[in-house]
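Readers should treat all values here as calculations from the given coordinates under stated rules, not as data from a laboratory. All values derive from a computational prediction rather than experimental measurement. We place every Cβ from the backbone using ideal geometry, glycine too, and count neighbours over all the protein chains shown.
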């Protein structure tokens, strides 16, 4: 039994009461997406009956901080430490000869929708999409496996249009094109959430093998197997593996698609994957990530918090914690708590945070008596410790994120920081009210049954 078996992880969620089974038959045209949006990716969901398919689907595996904290045996504010520790101590993947993901081998169907229940999500989406497809490409120079989640449009000619936002993967594809070569690629569906989390590590900042980081997170090597038709290694316990080649000099219109920030990404010409073989487990499960839900945003936020914390700590040693919010699409909004020792540290933390990633747009810095994971507590600090003419920093015409439409109007973005820390010489005036004994009060003991 492997720690990377999704079916075993489902049992864990069931035992914790963290998985909802949808017994009603659902359609893949909008209905499944609507259910996922209502749940918002914050708890596991298993669709037992999908109209027109024998294959069930699973979702909602990566969108809850407490689930991650429970898995790592830590608190929600120290998940980033576990990720960093795994990055510093990777466990190389291990090749196996026989794998559950290759129990069944089939030729590619004329239309992938004949095999898998890929949903049509939003009203103006161009078609049906894979949203949980974990892409694997061999890095020839290192032997590592590139691993990232990419959205893919299911085309009616049996191909997939692949939206490549990762500069590293795009450069690899373009280099193959220059040589007149197709790029071998595997698309993996139905994986343990650790692989999704590790896939969101910034490839520019971390040059190692992300699958080895996932191994370190679990405390054991990820078992992998070589694909049948391409020279790519994939997780042995995946539910479905789609093997293929991304064709050189071939593009197809992909999109529009309802994206992470809650708006439609436009149609564009993107490479296509020609499928060469499909392998899968007996009675495989499909995997879905609800676009724009917490499941979509949180894995990226958790990895960005590692970088944010380390960046701020270089200039403000008293940084206590950082939080990149899901509501801010897991990238636009950061909240930082510091043990303020000198005046100016609040604004210094703001400048560092805004420099940590071009996507960071708004930052709030608070004292360490504020719970940065409680929006009401953060708002309280802003309301009572901020004077806008002194404590708000605005930087015009900086680089922003193309997923955020207000950035795309001019191609640049304004950045804002709010220093919600109090002046040190007035510390006593900002002492919070405290009621002795409140931490030990259990209301159940006081409420009449």
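The modelled label-to-label distance for the pair residue 123/residue 70, using points 7 Å beyond Cα in the direction of Cβ, is 3.7 nm.
Relative to the longest principal axis of the chain, what angle (0 to 90°, nearest 10) does the C-alpha long axis of helix 167-178 take? The two axes meet at around 30 degrees. Which FRET efficiency value, to the nearest 0.05, do you get for residue 327 and residue 358 by plugging their Cβ-Cβ distance into 1/(1 + (r/R0)^6) with R0 = 25 Å? Result of the calculation: an efficiency of 0.80. Short-range pairs are left out: with C-alpha atoms under 8 Å and at least six residues apart, the relative contact order of the chain is 15 percent.
A Gaussian network model of the chain, with springs between Cα atoms under 10 Å, assigns the largest mean-square fluctuation among 273, 36, 13 to 13.
How high is the FRET efficiency between residue 392 and residue 142 when r is their beta carbon distance and R₀ equals 51 Å, given to the nearest 0.05? Approximately 0.65, to the nearest 0.05.
Our summary gives the stretch 156-300 a relative contact order of 30 percent, counting only alpha carbon pairs under 8 angstrom and 6 or more residues apart.
Please list, by residue number, everything in the stretch 369-409 whose backbone N is under 16 Å from a paramagnetic label point 7 Å out along Cα→Cβ of residue 432. 369-386, by backbone N distance to the label point. For the chain, the antiparallel share of DSSP beta bridges with both residues in that region comes to about 70%.
Relative to the longest principal Cα axis of the chain, at what angle does helix 79-88 sit, 0 to 90 degrees, rounded to 10? Result, in degrees: 60.
Ordering 345, 81 by the number of other Cβ atoms within 10 Å of each residue's own Cβ, fewest first, gives 81, 345.
DSSP assigns beta bridges within the stretch 1-83; of those with both partners inside it, close to 45 percent run antiparallel.
Average 1/r across all pairs of distinct alpha carbons in the stretch 314-430, invert it, and you get the Kirkwood radius: 14.4 Å.
With helices as the sole contributors, the chain gives -8000 deg cm²/dmol at 222 nm; each DSSP H run of n ≥ 4 counts as -39500 (n - 2.57), and the sum is divided by every residue. Hey, for a label at residue 181 modelled as a point 7 Å past Cα toward Cβ, could you say which residues of the stretch 151-174 have their backbone N under 12 Å away? It comes to 172-174, nothing else.
Can you bin the stretch 392-449 into rounded, prolate or oblate? Criterion: square roots of the alpha carbon gyration tensor eigenvalues sorted a ≥ b ≥ c, rounded for a/c under 1.5, prolate for a/b above b/c, oblate for the rest. In terms of gyration-tensor shape, oblate. Extension gain for the segment residue 110 to residue 14, taken as residue separation times 0.36 nm less the Cα-Cα distance, is 30.9 nm to one decimal.
When you restrict to C-alpha pairs under 8 Å that are six or more residues apart and normalise by the size of the stretch 12-73, the relative contact order lands at 32 percent.
Note on 129, 342, 46: ascending count of other Cβ atoms within 10 Å places them as 342, 46, 129, the fewest first.
To test your reading of the geometry: what angle, between 0 and 90 degrees and rounded to tens, separates the Cα axis of helix 294-313 from the longest principal axis of the chain? Roughly 50 degrees, rounded to the nearest 10. Here the stretch 61-116 and the stretch 234-281 have alpha carbon centers that stand 19 Å from each other. Take every DSSP beta bridge whose two residues both sit in the stretch 314-430; close to 50 percent of them are antiparallel. Each principal axis of the chain carries a Cα extent, and these read 72, 61, 43 Å when sorted largest first.
Take the alpha carbon gyration tensor of the stretch 94-253, find the square roots of its eigenvalues, order them as a ≥ b ≥ c, and report rounded if a/c is under 1.5; if not, report prolate when a/b exceeds b/c, else oblate. Verdict is rounded for the stretch 94-253. Counting neighbouring beta carbons within 10 Å and listing from fewest to most, the residues 263, 426, 237 come out as 426, 263, 237.
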